[in-house]
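Remarks on the structure that follows.
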Amino acid sequence: MKTSAELREQEKPPASPRANGPGRLGHARGRGPDALRGGAAGPGRVSTGELRERKMAPHGPGSLTTLVRWAAALLLALGVERALALPEICTQCPGSVQNLSKVALYCKTTRELMLHARCCLNQKGTILGLDLQNCSLEDPGPNFHQAYTTVIIDLQANPLKGDLANTFHGFTQLQTLILPQDVNCPGGINAWNTITSYIDNQICQGQKNLCNNTGNPEMCPENGSCVPDGPGLLQCVCADGFHGYKCMRQGSFSLLMFFGILGSTTLSISILLWGTQRRKAKTS
């Protein structure tokens, strides 16, 4: 007969070989926590520590490609910003060109033109149309000459003051000028093919070439020629090889003689002043 102690020993479950054996747990303890999670590190297997290091390490070719893309995007942004840099006259008045204005119509019906702020520009950034209507302008402003390449200009609904005759120097391409009703077209009827007056504006259309219409052939000297310089304006330009008053001097302008005379005169005045100041210093 077995005693009660022997019976209790018999009822106990057998010990697990994993927990007691020489074991796997003993070997796992020797290899550290990575061995417990992922097993022994061997060929073809990666421990958790190595995997973490690989995730933190930057990818060589990939990171270089990313940097190149960021640099290209930055250069593109700078190029677009530079391309969109407008002349000051285009942003002189807030807002943009009205859709029903003649400048907008001209820009939309002409190929390769685009509207930016108050200007109509070609692909090279040249101003071909300018709409400054209703901008409370008493005069076109100091930046107005930036638009000398324009074909059409709208200045209606502005309290313009003074004579605009000399405002359009160099505007030789201007063909349509829209002004307030009480402002005269520069140059008058002799400078335009048609001048049409409406209730709220006045339109000057078709700039004339005064050099062809003038009745005085002796306006320019013999060695000069007449050149248009804007509506109602012209200038005389000397022919090649001539210069000076009334283009009467022939040959190129002598820079050597000019600077020689200027230099000798300056030196003589400097010596004279130095001598007088030295004499005053001795007497004092």
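What the table shows:
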{"item": "Residue 110 accessible area, 1.4 Å probe, all protein chains in place, Å² to nearest 10", "result": "50 Å²"}
{"item": "Accessible surface, 1.4 Å probe, highest first, among residues 105, 86", "result": "105, 86"}
{"item": "Carbon plus sulfur fraction of accessible area for region 214-273, probe 1.4 Å, in percent", "result": "65 percent"}
{"item": "Residue 148 paired with residue 98, simple spin-label distance in nm, labels 7 Å along Cα-to-beta-carbon", "result": "3.0 nm"}
{"item": "Gyration tensor (Cα) of region 88-208, equivalent ellipsoid semi-axes in angstrom", "result": "21, 16, 14"}
{"item": "Förster radius 41 Å - calculated FRET efficiency between residue 246 and residue 199, Cβ distance, rounded to 0.05", "result": "0.30"}
{"item": "Most to least packed among 256-262, 90-96 [average Cβ atoms within 10 Å]", "result": "90-96, 256-262"}
{"item": "Area of residue 226 that stays accessible when all protein chains are in place (1.4 Å probe, Å², to 10)", "result": "40 Å²"}
{"item": "At most 10 other Cβ within 10 Å, DSSP loop - chymotrypsin sites (Phe, Trp or Tyr not before Pro), region 145-203", "result": "198"}
{"item": "For region 124-167 versus region 175-200, the gap between their alpha-carbon centres in whole angstrom", "result": "14 Å"}
{"item": "Accessible area per residue in Å² at 1.4 Å probe, computed on region 88-208", "result": "52 Å²"}
{"item": "Apportionment of accessible area to carbon and sulfur, region 88-208, percent (1.4 Å)", "result": "48 percent"}
{"item": "Accessible surface ranking that places the most exposed of 163, 229 first, with a 1.4 angstrom probe", "result": "163, 229"}
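The values are calculated or read from the model by the stated rules, or taken from the named source; none is laboratory data. In this text, all values refer to a predicted model and were calculated from it rather than measured experimentally. Ideal geometry is used to build each Cβ from the backbone, glycine not excepted, and the neighbour counts take in all protein chains shown. Each accessible area value is taken on the protein alone, full model and side chains, heavy atoms only, with ligands, DNA and RNA left out. Shrake-Rupley method; radii C 1.70, N 1.55, O 1.52, S 1.80 Å.
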